[in-house]
1. Is the C-alpha gyration tensor of the range 134-220 telling us rounded, prolate or oblate? Criteria: a/c under 1.5 is rounded; beyond that, a/b larger than b/c is prolate, otherwise oblate.
2. Each label point is 7 Å from the Cα along the Cα-to-Cβ direction; what then is the distance between the points at R37 and V58, in nm?
3. Divide the volume of the convex hull of the Cα atoms of the range 175-220 by its number of residues and quote the answer in cubic angstrom per residue.
4. Taking the chain as a Gaussian network, where each spring joins two C-alpha atoms under 10 Å apart, which residue of L183, L175, L15 fluctuates the most?
5. When the chain is modelled as a GNM with alpha-carbon springs shorter than 10 Å, which of T27, T48, T142 fluctuates the most?
6. With a 1.4 Å probe and all protein chains kept in place, how do F68, F52 rank by accessible area, largest first?
7. Would the range 1-66 count as rounded, prolate or oblate if I go by the C-alpha gyration tensor, calling it rounded below 1.5 in a/c and otherwise prolate when a/b exceeds b/c, oblate otherwise?
8. Given 5 Å bins starting at zero, what is the percent of C-alpha pairs of the chain in each, up to the one with the largest pair distance?
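The values are calculated or read from the model by the stated rules, or taken from the named source; none is laboratory data. Everything numeric in this text was worked out from a predicted model, so none of it was measured. Reconstructed Cβ throughout: ideal geometry from the backbone, glycine too, with neighbour counts over all protein chains shown. For accessibility, only protein heavy atoms count, side chains too; no ligands or nucleic acids. Shrake-Rupley method; radii C 1.70, N 1.55, O 1.52, S 1.80 Å.
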Amino acid sequence: MRVVIMGCGRVGSALALRLDALGHQVTVVDQNPDAFRRLGPFDGDRVTGVGFDRDTLVEAGIESADAFAAVSSGDNSNILAARVARETFGVTNVVARIYDPGRAEVYERLGIPTVATVPWAADQVLRRILPQGATSEFTDTTGTLSLAQVQVHPGWVGTRLTVLEGRVGARVAYLVRLGRALLPGPDTVHQDGDQVHLLARAEDVAGVERALGRPPAAEE
């Protein structure tokens, strides 16, 4: 793939280096030429300029790009650049980094995928400071849904996962049992040693974790 990245900060440079290592053609755009020092050894291209300027984007190869990521430190710049990439140059695979979660929701409704930094970061911190220690593995771009590994009290052993789901209001996405990942069926029963990975609303994960950290009788 040919990918154009606007912004060579910590996120942009890390993204560029990972894509470069995977063998993709990458061009990074930034107003500050000193920012490119973050790239170190890098086989891609560097373009100095304003990331939402059409001439700059053309120089960066936007006309033949398969994807565009706007990950600078400015919400307005990111969303403007994403719209130019999509609406002017027809790039279908576009994403914008947005700090304001309210704005992120608006732009998601307009069809521009966003990564809302604040909800994502807050969720990551929350998962690490809760006493139960749930591990958040994924949060969708709006910060609404979270996939997390939770610790389940031994009292749930022998309980069908459908019952467990109904009790806590979450979905078991998959299990890891004896070193193998399993998709649960309607009759799957929780066994001792199972690693349970749940999908729930991000705001509910803490409550789900607390509920599963107690035996079932405590939930009745």
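1. It is oblate, given that a/c is not under 1.5 and a/b is not larger than b/c.
2. 3.3
3. Roughly 108 Å³ of hull volume per residue.
4. L183
5. So, out of T27, T48, T142, the one fluctuating most is T48.
6. Correct descending sequence by accessible area is F52, F68.
7. Judged from the Cα gyration tensor, the range 1-66 comes out oblate (a/c at least 1.5, b/c at or above a/b).
8. 1, 7, 14, 14, 13, 11, 10, 9, 9, 6, 4, 2, 0, 0
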